[in-house]
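This report concerns only the one structure given below.
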């Protein structure tokens, strides 16, 4: 490599926003429906959105009501080589169309059914394509499995940081020690035990983590969201995510009127559990009918939102950040590269420095002042928390809306048109490299999973089909 080529490579690596990221963001913004092109919209300005795998390990060893996977999901064998190959193909396609960095979920199915080495190989394949992977799990595995994923064959850290999202709710059956929980409170020891594994991982091996707590909400447990929020806030989770149940996937497990639980009802109960208002209106991920997010600093027992949507100065600061720094991504980069990126970004927009300083000062004031923040940090009671609600759509509306979208037709039916708008604004994509397409997650689970899992059932049967089986009397 010549000196000139080396310098060009360094310049590109330390550029605040990678040119491929700029292109991907511009494309994402152009694709959005007009009704979501708001000042606070993060898609197309700060991120291309989240990504997820599909058809890589659909099997699960717990039963849930509802379950978003088709009835064939548990008839597919877990096969590590298939998983790694499929993950690599999907991530390579995402890298080619959505730029060099994005957050992606390694999701099935239950990820801990994968042999630990295959799990680790899938994460490495995601990282190799610029993805920040998060493993989606029910959390019912032991510390040794986590170590087998996080450490290499020599017992050395394979990753500097890992991300996991664990799903806990009383609608799940088969968890060890809580086979049929009767309340959300019964699961609190399991929630705490899962989070503590990552505290131990940091202490024992220096591996950092980001962990999320997920919960499906139906009429049977919506009134327990408040106490779940209160309990989980005292655990070392970084994100609390709640999903109102939707009629997607296995219809054998639709046992309640899910329409009774609205996004407003869930959010109000989260706020009750947090003991304060959690403003979400300052930023937007896709369509507000689908997603609500509030990010902030937890100082002791109090949560301070990062952004006050009722403060014009905060909104002005938000607009500057999105315009000048949206698309800056630091994940996976060495600290020296991150430092140079920040310095170059600041030098390019020195006029923003006073605005950002005043923004930080307002946040510190809302948090109780520098002394209180420092005291909380000293007592290990300081950290960022994210509250999220993802409101999925029902299959009976997604399927016809998607069919019409494929034809370029907008329905006259108000409900189908709303679904069309929400699908066009979706923040969560899954890739199909074999067809060169990205699809929203609701489309994957509503319209595509059934055929995909039926095909996987033939490719990866639980019991291999032999000639003896085909000719045995039992098979006739």
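Tabulated data
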item: Qualifying positions in the stretch 394-442 - under 23 Å from residue 284 (Cα atoms), part of a loop (DSSP other than H, G, I, E, B) and at pLDDT 95 or above; result: 425, 426, 427
item: Residue match in the stretch 236-256 (condition: farther than 30 Å from residue 32 by Cα, touching a residue at least 40 places away in the same chain (Cβ under 8 Å) and under 21 Å from the mean Cα position of the chain (by Cα)); result: yes
item: Residue 89, sole failed condition from (1) part of a loop (DSSP other than H, G, I, E, B); (2) surrounded by fewer than 21 Cβ atoms within 10 Å (Cβ to Cβ); result: (1)
item: All positions within the stretch 11-67 that are more than 27 Å from residue 332 (Cβ to Cβ), touching a strand residue (DSSP E or B) at 6+ places or on another chain (Cβ under 8 Å), outside any loop (DSSP other than H, G, I, E, B) and at pLDDT 95 or above; result: 36
item: Residues of the stretch 145-177 satisfying the condition of being crowded, with 20+ Cβ neighbours inside 10 Å, within 30 Å of residue 254 (Cα to Cα) and touching a strand residue (DSSP E or B) at 6+ places or on another chain (Cβ under 6 Å); result: 164, 165, 166, 167, 169, 171, 172
item: Evaluation of residue 461 against (1) closer than 26 Å to residue 288 by Cα; (2) surrounded by fewer than 17 Cβ atoms within 10 Å (Cβ to Cβ) (one fails), failing number; result: (1)
item: Filter result for residue 142 (surrounded by fewer than 15 Cβ atoms within 10 Å (Cβ to Cβ) and either at negative phi or modelled with pLDDT of 95 or more (or both)); result: yes
item: Subset of the stretch 216-235 (residues that are under 18 Å from residue 69 (Cβ atoms) and either touching a helix residue (DSSP H, G or I) at 6+ places or on another chain (Cβ under 7 Å) or without any contact (Cβ under 8 Å) to a residue 60 or more places away in the chain (or both)); result: 218
item: Within the stretch 139-167, tally of residues that are over 15 Å from residue 196 (Cα atoms), in contact (Cβ under 8 Å) with a residue 40 or more places away in the chain and assigned to a loop (DSSP other than H, G, I, E, B); result: 2
item: Answer from 448, 456 - the residue that is within 21 Å of the chain's Cα centre (by Cα) and either under 26 Å from residue 95 (Cα atoms) or part of a loop (DSSP other than H, G, I, E, B) (or both); result: 448
item: Some residue of the stretch 251-263 being outside any loop (DSSP other than H, G, I, E, B), in contact with a strand residue (DSSP E or B) (Cβ under 9 Å, 6 or more places away or on another chain) and buried (at least 21 other Cβ atoms within 10 Å of the Cβ); result: no
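The values are calculated or read from the model by the stated rules, or taken from the named source; none is laboratory data. Computed from a prediction, not measured in an experiment: that's the story for all the values here. Reconstructed Cβ throughout: ideal geometry from the backbone, glycine too, with neighbour counts over all protein chains shown.
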